[in-house]
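A short write-up of the structure that comes next.
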Amino acid sequence: MNQIALVVGASGITGSNLAEKLISAGWVTYGLARNPNHEIKDLRPISADLLNADSLRLALAEVSPTHVYITSWMRNETEAENIRVNSLMVRNLLDVLSEKHSVQHVALVTGLKHYLGPFEAYAKEGFLPETPLREEHPRLDIENFYYAQEDEVYAAAARDGFSWSIHRPHTVIGKAVGNMMNLGTTLAVYATICKETGRPFTWPGSAAQWNGLSDVTDARVLAEHLIWASTTASARNEAFNVVNGDVFRWSWLWKQLAAYFGVEAAGFDGTIHPLEREIANDDALWQQIAEKYHLKEPRLSRLASPWHTDLDLGRPIEVMTDMSKSRKLWFTIFQKTDESFYDLFEQLRADHLIP
């Protein structure tokens with residue numbers, strides 16, 4: 001049987017990079033999203049509402065995937081609503097696909113909030129795990145929509161007999177427009193604003209993040225990891241951390257990023273300077289920058305997600321993950337982190353999203 005992939009969330013950072021990797025490897029690849037991605041060559045776009053089972057059933061009427069990759073989620077006002085909405089999305093999808101009896105594997109992308117807690121309690125006292133983060137770390141005694149999504153996958157797998165994998169990346173670095181969590185592009189936009197205005201490139205986060213060890217996940221590494229786990233027998237029915245494979249301190253990387261853009265780096269000065277506040281009044285300025293340099297996206301909110309960058313860089317502990325589980329199963333792909341950022345910046349320039 002041919003391998004037929006359904007990428008849920010194909011417009012996002014993770015989904016778009018995964019779709020490109022699958023297509024390049026010869027997979028028939030469908031990309032499901034509310035607003036489908038039409039930019040990826042040979043991707044078969046599907047428009048559907050994951051919260052509406054009838055919409056899904058109609059959209060997937062002629063599609064019988066062997067492999068399903070769930071990379072999408074919706075942000076809501078409370079964690080209780082996050083749980084209700086995001087578990088329903090997974091449940092609706094797997095219920096509709098159950099009728100086809102075609103699915104062999106389901107891969108779910110979650111993240112380090114599995115260990116750090118949901119947005120409402122993110123990396124706060126009482127929810128601070130021991131680092132490096134390891135897959136065997138028990139679930140926190142707190143509501144978390146990642147747990148609810150996992151449980152939907154486990155229940156459907158038991159019912160329908162497919163294998164599964166859970167993927168927990170750290171901050172994902174890659175290109176996407178309109179993405180809710182986009183640290184790499186957010187920092188590129190901020191650096192561009194700093195260069196245009198002469199402002200210093202000011203570290204927005206905590207002392208712990210500035211001084212401590214960290215890691216990130218290149219979207220290309222995550223895509224390779226998703227394909228590997230879904231096609232490797234020994235990796236079935238397992239949860240995995242997935243990061244680049246190196247570690248760094250932001251006190252080092254911040255200066256490298258500043259040098260790339262030719263701006264003045266200002267490090268931690270004893271006070272957190274939230275990026276959300278720093279660029280809160282820059283919408284009109286970004287429109288001017290876009291006009292001056294003929295950029296494709298004049299809306300700052302479509303490129304930058306400062307709220308998420310502030311959450312990541314403001315954590316009160318250093319955060320890095322253990323990749324031993326994947327390495328023991330011979331997933332050996334490695335990516336140098338500064339080059340992840342540089343590659344992203346070059347792509348953003350080539351696509352006329354930054355000058």
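Taking amide H positions as placed 1.01 Å from N in the peptide plane, with prolines and chain starts having none, which residues 5 or more places from residue 48, or on another chain, fall under 5 Å of its amide H?
Hits under the 5 Å cutoff: 33, 34.
Output wanted: per-residue J couplings in Hz (rounded whole) for region 41-53, from phi through Karplus 6.51 cos²θ - 1.76 cosθ + 1.60, θ = phi - 60°, x for Gly and Pro.
4, 6, 6, 9, x, 10, 9, 7, 9, 5, 8, 10, 4
Can you work out the Karplus-derived ³J(HN,Hα) for every residue in region 128-133? Use 6.51 cos²θ - 1.76 cosθ + 1.60 with θ = phi - 60°, whole Hz, and x for glycine or proline.
Result, rounded to whole Hz: 9, x, 6, 10, x, 6.
What are the ³J(HN,Hα) values, in whole Hz, obtained from phi via the Karplus relation 6.51 cos²θ - 1.76 cosθ + 1.60 with θ = phi - 60°, for each residue of region 134-150 in sequence order, with x given for Gly and Pro?
Per residue, the Karplus-derived 3J(HN,Hα) values read 10, 4, 7, 4, x, 4, 6, 7, 7, 4, 7, 5, 4, 5, 5, 5, 4 Hz.
Amide H of residue 320 versus every other amide H placed in the peptide plane: which residues, excluding those fewer than 5 positions away on the same chain, fall under 5 Å?
For residue 320, the qualifying residues are 133.
For the chain, with all protein chains present and a 1.4 Å probe, just round the carbon and sulfur fraction of the accessible area to a whole percent.
Answer for the chain: carbon and sulfur cover 48 percent of the accessible area.
May I have the extent of the alpha carbons of region 1-47 along their three principal axes, as whole Å values ordered from largest to smallest?
For region 1-47, the Cα extents along the three principal axes come out at 29, 17, 16 Å.
Over 30 Å between Cα atoms, which of 113/328; 255/296; 41/336; 175/255; 41/195; 113/255 qualify?
Over 30 Å Cα-Cα: 41/195.
So with the 1.4 Å probe, I'd like the accessible area per residue for region 288-352, rounded to whole Å².
51
Quick one: accessible area per residue over region 59-152, 1.4 Å probe, rounded to a whole number of Å²?
On a per-residue basis, 41 Å².
Largest first, please: the extent of the C-alpha atoms of region 106-252 along each principal axis, to the nearest Å.
59, 33, 27 Å, listed from the longest principal axis down.
What percent do you get for the relative contact order of region 1-151 when only Cα pairs under 8 Å and 6+ apart count?
21
Among DSSP beta bridges lying fully in the chain, give the percent that are antiparallel, nearest 5.
5
Normalising by the residue count of the chain, find the relative contact order in percent from Cα pairs under 8 Å and 6+ residues apart.
So the answer I get is 19 percent.
Check residue 29: other-chain or 5+ apart residues with amide H under 5 Å from its amide H, H built from backbone geometry?
Residues meeting the criterion, in which the H sits 1.01 Å from N, are 5, 44.
Specify which labelled value, from (1) 1.05; (2) 1.08; (3) 0.96, agrees with Rg/Rh (Cα atoms, Kirkwood Rh) derived from the coordinates of the model shown.
Working out Rg/Rh (Cα atoms, Kirkwood Rh) from the coordinates points to (3).
Among the aspartates and glutamates, select those whose C-alpha is under 17 Å from the C-alpha of residue 21, and discard any that sit fewer than 8 residues away in the same chain.
39, 42, 218, 224, 343
Suppose we look only past 15 Å in the calculated P(r) of region 202-270. What percent of the Cα-Cα pairs does that tail hold?
The proportion of pairs with Cα distances above 15 Å equals 64 percent.
The values are calculated or read from the model by the stated rules, or taken from the named source; none is laboratory data. Remember, predicted model here, so these are calculated numbers, not experimental data. Note: accessible area is taken over every heavy atom of the protein model, side chains too, but ligands, DNA and RNA are not part of it. Shrake-Rupley method; radii C 1.70, N 1.55, O 1.52, S 1.80 Å.
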